[in-house]
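Following: one structure in structure tokens, then a few remarks.
The values are calculated or read from the model by the stated rules, or taken from the named source; none is laboratory data. As the structure is a prediction and not an experimental result, all values here were calculated from the model. Using ideal geometry, Cβ is built from the backbone for each residue, glycine included, and neighbour counts are taken over all protein chains shown. These area figures cover heavy atoms from the full protein model, side chains too; ligands, DNA and RNA do not enter into them. Shrake-Rupley method; radii C 1.70, N 1.55, O 1.52, S 1.80 Å.
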Amino acid sequence: MRDLKVFGSPGLYVQGPGAIQELGQLIAGIGERALLVSDEMVCNLLVPKVEPVLAAAGVEFAWVGFTGDVTPQNVERMTDEKQDFAPDVVIAAGGGKGMDAGKAVCRAFGARLVSLPTAASNDGPTSRNFVFYDDNHKLLSVEKLARNPDLVLVDTSIIINAPPALLVSGIGDALVKRFEAAQCVAANGPNMFGGRATLTSPFLAEMCDRVLRENSVAALAAVRARTPDESFEKIIEACFLLSGLGFEGSGLSIAHAMTRGLSAVPQTAAALHGYQVAYALLVQFVLERRSDDFMREQFAFYRQVGLPISLGDLGLTSASPQDLETIATLTHRAPHTSNFERELTPDDLVEAMKRLEAISADYPARAA
């Protein structure tokens, strides 16, 4: 489909406080047996909320949890455990790990997919992509479902109670999409469906950036005060819907390619996905030869939100030449690296990271 324009999206997106009360009726329209999949902590949170609304709608219900990372072994265990239940709908719940695990179990059963996020840490709930890791938290592969979720249900009265750091991660993940979209489209690279971008997708990515810059600070204040407001609702929509549709329909570039390298160094591997890609976007800006004034503007916004501007902010306080080489080599192997305005080498990536370290060192440190 490389020469065709392709746009994909969830079947239905529902957002607002108390939205979970609609879950039963919405699932009843697509299946009869629903399996909730997430990490065990999220399962304990959601089962008392989900079970009664599904029962009221006549939908059979079961759940299965996991600990650790989303590994092929964890997914195989959960699938085997629920073979007799044979779900025709899987509810992928939680943050990044729970969402990915639910998608993997959904694919194994050939079921319909419902996304039920409990934190806005990334835009995974709207997409068909998921990631496998090994037992050392090293990225193994990026996998895909045949189609996007049938339903994305976002109960903001649940998400407001998630730790603020998770929303910071979601803002970081969403922030990169405008700039990756621009590079991918300009390079005539494929989007996440293997086609070309429609006019819609880059527009959504640009709108996402605008919403983030206008509302992030106020939304984070609302989260810290546990008082949801309109800025919070706008940021949640940007982090899930605008970001998700923008990246799948437009494609990715350096910022997401760098997760291959950053996940291979223990200190940076421990950082949330949104923190990793936000740092990597600054590396992309250096590679784009952005002006000093532009970089200072980005640093100011990053500091306001709490995003990293250096490897030290990501946990790698003293990067060795070997660390930089590892990050650069694995990043260069990632397919998204080719979606850039010029061909890059691992040395280009190393020099860009060094340059970012030098210019970010002159910027004021984050507030404690």
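Close amide H pairs (under 5 Å, H built 1.01 Å from N) link residue 5 with 196, residues at least 5 positions away or on another chain.
Close amide H contacts of residue 63 (hydrogens built in the peptide plane, cut-off under 5 Å, sequence separation of 5 or more or a different chain): 36.
From helices alone, the chain scores -15000 deg cm²/dmol at 222 nm; the rule is -39500 (n - 2.57) for each run of n ≥ 4 DSSP H residues, then divide by the residue total. Phi angles across segment 181-190 convert, under the Karplus curve 6.51 cos²θ - 1.76 cosθ + 1.60 with θ = phi - 60°, into 3J(HN,Hα) values of 4, 4, 5, 5, 5, 5, 7, 6, x, x Hz, Gly and Pro given as x. Across segment 242-368, Cα pairs under 8 Å and at least six residues apart give a relative contact order of 35 percent.
Here the accessible area of segment 101-187 is 50 percent carbon and sulfur, with a 1.4 angstrom probe and all protein chains present.
DSSP beta bridges fully contained in the chain are about 15 percent antiparallel. Local charge for residue 158 was computed over the other residues whose Cβ lies under 14 Å away, with Lys and Arg +1 and Asp and Glu -1, and equals -1. Computed from backbone phi, the HN-Hα couplings of segment 29-41 come to x, 10, x, 10, 10, 10, 10, 7, 10, 6, 5, 4, 5 Hz, rounded to whole numbers (Karplus: 6.51 cos²θ - 1.76 cosθ + 1.60, θ = phi - 60°; Gly and Pro given as x). Go through 53, 34, 73 and say which Cα lies farthest out towards the positive end of the charge dipole of segment 33-92; charges sit on Cβ, +1 for Lys and Arg, -1 for Asp and Glu. The listed residue farthest towards the positive side: 53. Relative to the Cα centre, the charge distribution of segment 198-334, modelled as +1 at Lys and Arg Cβ and -1 at Asp and Glu Cβ, gives a dipole magnitude of about 220 debye. Once C-alpha pairs closer than 8 Å and six or more residues apart are averaged by separation and normalised to the residue number of segment 8-115, the relative contact order reads 30 percent.
Along the positive direction of the dipole of the chain (beta-carbon charges: Lys, Arg +1; Asp, Glu -1; about the Cα centre), which of 93, 109, 307 reaches farthest? With unit charges placed on the Cβ atoms, the residue in question is 307. In a reduced charge model with +1 at each Lys and Arg Cβ and -1 at each Asp and Glu Cβ, segment 141-269 shows a dipole moment near 300 debye about its Cα centre. Computed from Cα atoms, the angle from the helix 292-305 axis to the main principal axis of the chain rounds to 40 degrees.
Over the chain, the ratio between the Cα radius of gyration and 2.2 N^0.38 Å evaluates to 0.96. Please report the net charge: other residues with Cβ closer than 12 Å to the Cβ of residue 230, K and R +1, D and E -1. Overall, the nearby charge balance is -3. Scalar couplings 3J(HN,Hα) for segment 78-84, obtained by applying the Karplus form with A = 6.51, B = -1.76, C = 1.60 to θ = phi - 60°, are 5, 5, 4, 5, 10, 4, 5 Hz; x denotes Gly and Pro.
If I fit a long axis through the Cα atoms of helix 321-333 and take the longest principal axis of the Cα atoms of the chain, what angle between them do I get, 0 to 90°, rounded to 10? Between helix and principal axis, roughly 60 degrees. Summarising the amide proton neighbourhood of residue 152: residues at separation of 5 or more, or on other chains, whose placed amide H is nearer than 5 Å comprise 12, 13, 14, 115.
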